[in-house]
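What follows draws every value from the coordinates through simple rules; no lab data is involved. Because the structure is predicted, anything quoted here is derived from the model rather than measured. Cβ atoms come from the backbone with ideal geometry, glycine included; neighbour counts cover every protein chain shown.
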Amino acid sequence: MDTRILLPAFLLVLGLATVFAQTSAPEPACETKNGTNCEECLKNVKCLWCLKTKSCVTYPVRTILPPHRVCPLNDARWGLCWMNFQTLIITLAVLGGVIIIAFLICLFCCCKCENFGSSRFEAKMQRQASKTKTKQEERKAEMKQRHDEIRKKYGLSGQNPYSKFA
């Protein structure tokens, strides 16, 4: 057979087999695990264990937090049996606040230090430029003095006859 037809056919069959393998075993509803314990209930990610009523319910995904009528936050367990929702919310809020404050402090310090460093760098460059300019002016004055001495030595200290044309 032609390999251009064989390879896509093989990939199609493999893909269909994967899809049917995943959809063949639906997970049981959370309410069927009401007589069990927390660990058994939380094996399914969609389930929420209520410690007060000792019941396993489907997590209400339409609301971010489970309503009080389903289970109080202090008694709700999701993901881990030893951590309730109230502790989880407080912990995440504190961690989020610490991360935001640390980010703002780093942002403020970096901007301030960058501006401080650049102003110091600019001042250093200005000092260097002024030193260079001073040295250049000194060399220029020395060259002019030497040229004047040479002119005097050879009697050329008078006015330049070509200066009229310039």
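Among 38-50, 76-88, 128-140, 59-71, the peptide with the highest mean count of other Cβ atoms within 10 Å heads the list, and the full ranking is 38-50, 76-88, 59-71, 128-140. Distance between the modelled labels on Glu122 and Thr18, one decimal in nanometres: 5.8 nm (7 Å Cα→Cβ projection). Between Leu156 and Leu73, the simple spin-label model (points 7 angstrom out along Cα→Cβ) gives 9.5 nm. With the cut-off at under 18 Å, measuring from each backbone N in region 62-83 to a point 7 Å along the Cα-to-Cβ line of Lys43 picks out 78-82. Estimated from the Cβ-Cβ distance and a Förster radius of 25 angstrom, the FRET efficiency linking Ile105 and Ala129 is about 0.10. Just to confirm a number: summing +1 for Lys and Arg and -1 for Asp and Glu over residues other than Glu142 whose beta-carbon lies under 14 angstrom from that of Glu142, what do you get? Computed value for this residue: +1.
The label-point distance for Gln86 and Lys144, in a model that sets each label 7 Å from Cα toward Cβ, rounds to 8.8 nm.
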